[in-house]
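Colleague: Below you will find the structure I want to go over with you.
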Amino acid sequence: MGLSGGSGPDGAVPDLGCAVCQIQAALHTGDDPLIHRSGPWLLRHHPHPSPLVGWLLLDARRHVPGPDAFDDAEAAGFGPMLRRSSALLKQLVGCERVYAIAFGEGARHFHLHLIPRHGAASDTESWRVADLYRAVASGSRPPADPAAVASFLCRARACCASW
């Protein structure tokens with residue numbers, strides 16, 4: 001995958017073959033899943049079809065494969081952004097835990113899945129979230145209600161306005 005000749009609004013050069021770079025290039029505000037931009041980090045809701053209300057993604061804005069390749073600003077901002085994003089998720093969906101998972105196989109652009117763990121919902125338990133994800137992706141289970149996701153986005157954006 002080669003780099004494009006153009007750069008994004010933050011000066012980052014997107015990889016035109018990268019799904020995460022493509023998603024980020026299409027983000028504005030309003031009906032899309034963007035919640036907040038903070039320096040080298042972008043927080044967004046999982047796009048439709050989302051497995052759960054509150055399934056978030058914390059993306060490096062720069063096309064970078066993983067933490068070992070973070071620059072100083074990315075490294076310095078990662079912990080605080082992860083802490084704020086996890087607390088936001090707990091506050092808005094009332095979950096007990098937040099799973100943080102980064103695989104990097106589907107898109108070699110660092111994006112951390114922040115997944116709400118609800119104690120009473122067995123489908124959010126440990127590795128069962130992967131089964132939930134596959135079931136929604138295959139259409140054998142309905143996605144999260146788009147109206148509920150839209151409501152979450154509105155509340156999340158309001159909370160992040162002071163960040």
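Colleague: How far is helix 146-160 tilted off the main Cα axis of the chain, in degrees rounded to 10, range 0 to 90?
Modeller: 60 degrees
Colleague: Going by amide H atoms built from the backbone, whose H comes under 5 Å of the H on residue 41, apart from near neighbours?
Modeller: 61
Colleague: If amide H atoms are built 1.01 Å from N in the plane of the peptide, which residues on other chains or at least 5 residues away come under 5 Å of the amide H of residue 97?
Modeller: Those lying under 5 Å, H to H, from residue 97 are 117.
Colleague: As I understand it, the dipole of region 19-160 uses +1 on the Cβ of Lys and Arg and -1 on the Cβ of Asp and Glu, about the Cα centre. Which of 80, 70, 27 lies farthest toward its positive end?
Modeller: It is 80.
Colleague: Would you give the gap between the C-alpha center of region 55-89 and the C-alpha center of region 94-163, rounded to a whole Å?
Modeller: If we compute the Cα centre of each part, the gap is 16 Å.
Colleague: At 222 nm, what value in deg cm²/dmol follows for the chain if DSSP H runs of at least 4 each add -39500 (n - 2.57) and the sum is divided by all its residues, to the nearest 500? Let's see the in-between values first.
Modeller: On the way: 4 runs with 56 residues, N = 163.
Mean residue ellipticity at 222 nm (helix-derived): -11000 deg cm²/dmol.
Colleague: Quick one: give the max-minus-min coordinate of the C-alpha atoms of the chain along each principal axis, largest first, in Å.
Modeller: Answer, in whole Å and largest first: 47, 36, 30 Å.
Colleague: Placing unit charges on C-beta atoms (Lys and Arg positive, Asp and Glu negative, everything else neutral), compute the dipole magnitude of the chain about its Cα centre in debye, rounded to 20.
Modeller: On the way: 15 positive and 15 negative charges, 81 e Å.
It comes to approximately 380 debye.
Colleague: Just flag the chymotrypsin sites (Phe, Trp or Tyr not before Pro) in region 103-144 sitting in loop per DSSP whose Cβ has no more than 12 other Cβ atoms within 10 Å.
Modeller: Answer in residue order: 103, 127.
Colleague: Can you work out ³J(HN,Hα) from phi for every residue in region 94-99, in order, using Karplus 6.51 cos²θ - 1.76 cosθ + 1.60 and θ = phi - 60°, giving whole Hz and x for Gly and Pro?
Modeller: x, 7, 7, 9, 10, 7
Colleague: For region 38-112, compute the orientation-averaged projected area of the C-alpha convex hull (one quarter of its surface), in nm².
Modeller: Projected area, direction-averaged: 5.1 nm².
Colleague: What ³J(HN,Hα) values, in whole Hz, does the Karplus curve 6.51 cos²θ - 1.76 cosθ + 1.60 give for region 104-116 when θ = phi - 60°, with x put for Gly and Pro?
Modeller: x, 8, x, 9, 7, 10, 4, 8, 9, 7, 10, 10, x
Quick note: the coordinates plus some simple rules give every number you see, no bench work behind them. All figures in this text were calculated on a predicted structure; none of them were measured in a lab. We place every Cβ from the backbone using ideal geometry, glycine too, and count neighbours over all the protein chains shown.
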